[in-house]
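The values are calculated or read from the model by the stated rules, or taken from the named source; none is laboratory data. Here the structure is a predicted model, which means the values were calculated and not measured. So basically every Cβ, Gly included, is an ideal-geometry build from the backbone, and we count neighbours across all protein chains shown. Just the protein is used for accessible areas: all its heavy atoms, side chains included, with ligands, DNA and RNA removed. Shrake-Rupley method; radii C 1.70, N 1.55, O 1.52, S 1.80 Å.
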Amino acid sequence: MLEAEFDRFAYEYEAQHAASIRLSGETPDYFAKYKIDDVAAVLRRAGIVPRRILDFGAGVGNSLGHMRAAFPDAEIVLLDPSAQSLDIAARRFPGQASLMPFDGMTIPYPGGTFDLAFAACVFHHIPDALHECLLSEIDRVLAPGGSFFVFEHNPANPLTRHAVRNCPFDENAVLIAAREMRSRMAAAGLSNARIAYRIFFPRLLSWLRPCERYLTGVPLGAQYFVHATKSLP
């Protein structure tokens, strides 16, 4: 979570990300949008409309446009240790969210502030020893009944491993298996979590993507999410 490490890649993030995923045939925006679509679909089925949203490790704001479209009335906070990344996000989406620098340890909001917390491919950049305390911080700022969605790369997928190996800003990444991520969340107090595997077909086989909703239990997708709900008092 070193600020300098993320600042170093902030202005090159989009180009480097696009190059690393070229075998998928998709753009970075495709991967950003599907995540928010998944979150919105899960919450919609549960009849939940979040009022305050935390984008943990928001970077240059790739999720923000889709998040704003899905939750137009929500207050959205982008939290990141990279000042340059937040500056880019502010210029891309002026007035669309609150921008909050992060010291890497303490989320600067009172307990129970957010109805929804979201982390998109963030934790593989964070040393394992810090995961439980940061997940506990996310649990702290979630309101009772609030949801946390963490999306990560699936180390069981060979194309994912190839993309990460060839991405400069992933040079220090340590991929996390879905069950291990769920276990760490449970240790931090985020229990009752479920895993869903995502992205099985490249653009060349996009006609098969409607089948993916039947494959969320198959641990071979390029990415996965773990969804936990904070227990009511």
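On the basis of being of a type in the set (A, V, I, L, M), modelled with pLDDT of 95 or more and out of contact with any His (no Cβ under 8 Å at 6 or more places or on another chain), does VAL60 make the cut?
no
Quick check, is ARG179 over 18 Å from PRO28 (Cα atoms), in contact with a strand residue (DSSP E or B) (Cβ under 8 Å, 6 or more places away or on another chain), open to solvent by 10 Å² or more (accessible area, probe 1.4 Å) and of a type in the set (Lys, Arg)?
When the stated conditions are applied, ARG179 passes them.
Among the residues of region 201-233, which ones are surrounded by 13 or more Cβ atoms within 10 Å (Cβ to Cβ), over 18 Å from ALA120 (Cα atoms) and without any contact (Cβ under 8 Å) to a residue 60 or more places away in the chain?
Correct list: PHE201, ARG209, GLU212, LEU215.
Identify, please: which residue in region 72-112 is hydrophobic (A, V, I, L, M, F, W, C), in a loop (DSSP other than H, G, I, E, B) and open to solvent by less than 40 Å² (accessible area, probe 1.4 Å) and is, among those, nearest to SER136 (Cα to Cα)?
ILE107
Within region 32-49, does at least one residue satisfy the condition of being closer than 19 Å to THR113 by Cα, open to solvent by less than 20 Å² (accessible area, probe 1.4 Å), modelled with pLDDT of 90 or more and not in a helix (DSSP H, G or I)?
no
Take the conditions open to solvent by 30 Å² or more (accessible area, probe 1.4 Å), in contact with a Pro (Cβ under 8 Å, 6 or more places away or on another chain) and either in a helix (DSSP H, G or I) or touching a residue at least 24 places away in the same chain (Cβ under 8 Å) (or both) and apply them to LEU116. Does it pass?
No: the conditions fail for LEU116.
List, please: which pairs have Cβ atoms under 7 Å, are six or more places apart or on different chains, and start with a residue in region 146-174 that is closer than 19 Å to ASP38 by Cβ and surrounded by 20 or more Cβ atoms within 10 Å (Cβ to Cβ) and end with one that is basic (Lys, Arg) and modelled with pLDDT under 95?
Sorted first by the residue in region 146-174, then by its partner, the pairs are GLY146/LYS230.
At pLDDT 95 or above, basic (Lys, Arg) and closer than 15 Å to VAL226 by Cβ: does that describe ARG184?
yes
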